[in-house]
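Visitor: Have a look at this one.
Any read-out appearing in this document is the output of simple, stated calculations on the displayed coordinates, not a laboratory observation. Computed from a prediction, not measured in an experiment: that's the story for all the values here. Cβ: placed from backbone, ideal geometry, glycine included. Neighbour counts: every protein chain shown.
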Amino acid sequence: MPDIGLDEVEVTEVLVKVGEEIELDQALITVEGDKASMEIPAPISGIVKDIIIKIGEKVTTSSVIMIFKSNDLNSIKNKKDFNYIKTEKKLSDNVLEEKDIKKNVLIHATPVIRRLARYLNIDLKNIIPSGPKNRILKEDIELYIKKNNALKKNSFNIDENNIEGFHKNPFKEISITNIQKIVGKNLHQNWINIPHVTQFDEVNITLLEEFRQKYNSQKKQKNNVFSNITILPFIIKTVAYALLEFPIFNSSLSSNKKTIFLKKYVNVGIAVDVEHGLFVPVLKNVDKKNIENLSSELIFLSNKARENKLNESDMKDGCFTISNLGGIGGSWFSPIINSPEVAILGVSKATIKPLWNGKEFIPSLMLPLSLSYDHRVINGADAARFLTFIGKLLSDIRFLIM
Ligand code: CAO
């Protein structure tokens, strides 16, 4: 490792491989100190025999970074300026271990200048440095551009403030909100403490969607003030039926893990992502409400969440959670259980897919569902039954009235 004018630098890239034939001055590694990053060029042509350092390691002047095999010691650039050791005993005759490299073969530039050069597609090897320790400065790049007329006039204006600002702080640091801290802590605990399994299924909701569209358009014609019913209230109602049918999904594990509490009420939480965090307002007694009521309540609570007006009672006593990302997009995800609940339903975006009916492919609106459950409480067969039941109701909502 040559003296690059810094006490200790970190290896950020290894640019060659063992066995690779390298040329004199070919970049071997990139190192980065507090302010500067630079490539260390090969002091000799030959073959890389061994790479001693690893990415992330700290190196100082004279650290051994690589061992080369070379048949041509004369290829060493400015041989008389190098301090090198011929390691006849340890290695074969023609292997060199470099201790130092002449400084002026190095490209010495800050990361900002390197980025700038990359952006302008300029090879720093072509720039004549004018800074201390042969450092390439912004002015050197400007001079190069002027001389070579590499860029058309006014096509690039080097904004010193921007470069310097970027140089001082390449990141924008934002703080984690208190809500994020609390939610993050809970999610982490739930993720660590609950053995999650996620069951996936796709449900044909073509008929449900036809009905929903028809219902919404009729309502629109009748009412001046119209509120559209989305897919979600139908899913909430369906989940309420499934929770009544499979009470183990409407339960909590006792703190000593010896008993399970089966709940006699059906409250469903809905994950609502708003600017200031993730909230889960709870729709109460969902089994006793119709889809219109559930839709209004959902709109009311999600608006409250957006206005940061949810109170504690809006968010407590949930039995089961639904996280619907379908209004946004994406195919599948595995949601994290909202303890002390024992299951959560993830809903992704419904899309039209060809479904084989035994004779032909029918374009069908398929809704992806992901059910994560606590495997200490619920077994896989029950989970499959629960999700199949939900699928049956959603694919033909006439079952909801039976
Ligand atoms: N597949 C296809 N379309 C869907 C859908 C799905 N799974 N879910 C909703 N849609 C449709 C809706 O029907 C609506 O279309 P129409 O105008 O034709 O009715 C459109 O997408 C927009 O719906 P929406 O997202 O505004 O409303 P919603 O009732 O589905 O959801 C609420 C309400 C509050 C959950 C939502 O506004 C929201 O905040 N979503 C974010 C969910 C989230 O952050 N989850 C947390 C993830 S972290 O666990």
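Visitor: Under 17 Å from a point 7 Å along the Cα-to-Cβ line of Gln213: which residues of segment 354-370 have their amide N that close?
Guide: Within reach of a label on Gln213, which here means backbone N under 17 Å from a point 7 Å along Cα→Cβ, segment 354-370 contributes 354-355, 362-367.
Visitor: While we're here: Rounded to the nearest 5, what % of the DSSP beta bridges within segment 179-401 are antiparallel ones? Before the final figure, lay out each step's value.
Guide: Details: 28 of 35 bridges.
Bridges in segment 179-401 that DSSP calls antiparallel: roughly 80 percent.
Visitor: Once phi is turned into ³J(HN,Hα) by the Karplus curve 6.51 cos²θ - 1.76 cosθ + 1.60 with θ = phi - 60°, what whole-Hz value does each residue of segment 244-258 show in order, with x for glycine and proline?
Guide: 6, 6, 10, x, 5, 7, 10, 9, 9, 7, 5, 5, 7, 6, 9
Visitor: Give the calculated FRET efficiency between Phe226 and Leu137 to the nearest 0.05, with a Förster radius of 56 Å applied to their Cβ-Cβ distance. Before the final figure, lay out the partial values.
Guide: Details: r = 65 Å, r/R0 = 1.16.
Calculated value: 0.30.
Visitor: What Kirkwood radius, in Å to one decimal, follows from the Cα pairs of segment 261-329?
Guide: Details: mean 1/r = 0.0800 Å⁻¹.
Evaluated over segment 261-329, this radius sits at 12.5 Å.
Visitor: For the pairs Lys222/Lys309; Lys263/Lys316; Lys214/Lys304, flag any whose C-alpha to C-alpha distance is greater than 25 Å.
Guide: Lys222/Lys309; Lys214/Lys304, as the Cα separations exceed 25 Å there.
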